[in-house]
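The values are calculated or read from the model by the stated rules, or taken from the named source; none is laboratory data. This structure is a prediction, so every number in the text was calculated from the model and none was measured. Every residue, glycine as well, gets a Cβ built from its backbone with ideal geometry; the counts of neighbours run over all protein chains shown.
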């Protein structure tokens, strides 16, 4: 469950791309151990906000505070990772020719080269940690299998585990269930819920059924600004949200069902 203590706050941030404001005077808050979804129409600024938080995109004005004091808006991406923020992009970024276990070994927080990590003798604590992670993502039975041979959902879970091994306090996920089967989507939702017991998870997602099922808190963005924030029930009942986003989704669904 989420609590009232903030882990991240953006204060009046603006991202200006040569006159186009992808984000405009946005103030946004995340609580600790919160499962928070970011929704809105295409072009609303959702992915840009993730880019800002992880350092991929720099803001034109404002600031981003992490854990109440550290302004991370001027830091480089690797510096932000070291602060405790990690991101998983939509397409899985794993080592296809290495085994599942080797991928996890590489992801552990060690300042070593790739091959020295693979050849290194793991401590008992490290072995336990990796086995726990394999169990969490339900890949223990395929740990010696090449990552490239995994099903789509399994590849996504493997990368989520690799992100977790960086020991972040805030995890950013960009459309984590894209391309998944119904069963994979359910497993992913359950995995994300477990992760959010100890960390904050911020997810950009377009699948409203998935958001309704798993969101603790929802932020709706529109034209680079915060349109509404609250529980899914509160967001769904907001007339402005219905007008600019959920109503459109409903119309689209209705049209597709009669086509």
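Values as computed for the structure displayed
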item	result
Wholly enclosed strands (runs of 3 or more DSSP E) of the range 30-109 bearing at least 3 residues surrounded by fewer than 20 Cβ atoms within 10 Å (Cβ to Cβ)	61-66
Output for the range 154-184, where each listed residue is farther than 25 Å from residue 84 by Cα and either in contact with a helix residue (DSSP H, G or I) (Cβ under 9 Å, 6 or more places away or on another chain) or outside any helix (DSSP H, G or I) (or both)	178, 179, 180, 181, 183, 184
Selection from the range 155-212 of residues that are in contact with a strand residue (DSSP E or B) (Cβ under 9 Å, 6 or more places away or on another chain), outside the structural domain of residue 37 (by TED's automatic domain parsing) and farther than 19 Å from residue 32 by Cβ	156, 159, 160, 162
Residue within the range 213-229 that is in a helix (DSSP H, G or I), at pLDDT 95 or above, touching a helix residue (DSSP H, G or I) at 6+ places or on another chain (Cβ under 9 Å) and not assigned by TED's automatic domain parsing to the domain that holds residue 108 present	yes
Qualifying residue in the range 146-167 (condition: at positive phi, surrounded by fewer than 19 Cβ atoms within 10 Å (Cβ to Cβ) and either more than 14 Å from the chain's Cα centre (by Cα) or touching a residue at least 12 places away in the same chain (Cβ under 8 Å) (or both))	yes
Some residue of the range 37-49 being touching a strand residue (DSSP E or B) at 6+ places or on another chain (Cβ under 6 Å), touching a residue at least 12 places away in the same chain (Cβ under 8 Å) and under 30 Å from residue 135 (Cβ atoms)	yes
Residue within the range 19-28 that is at pLDDT below 95 and not in a strand (DSSP E or B) present	yes
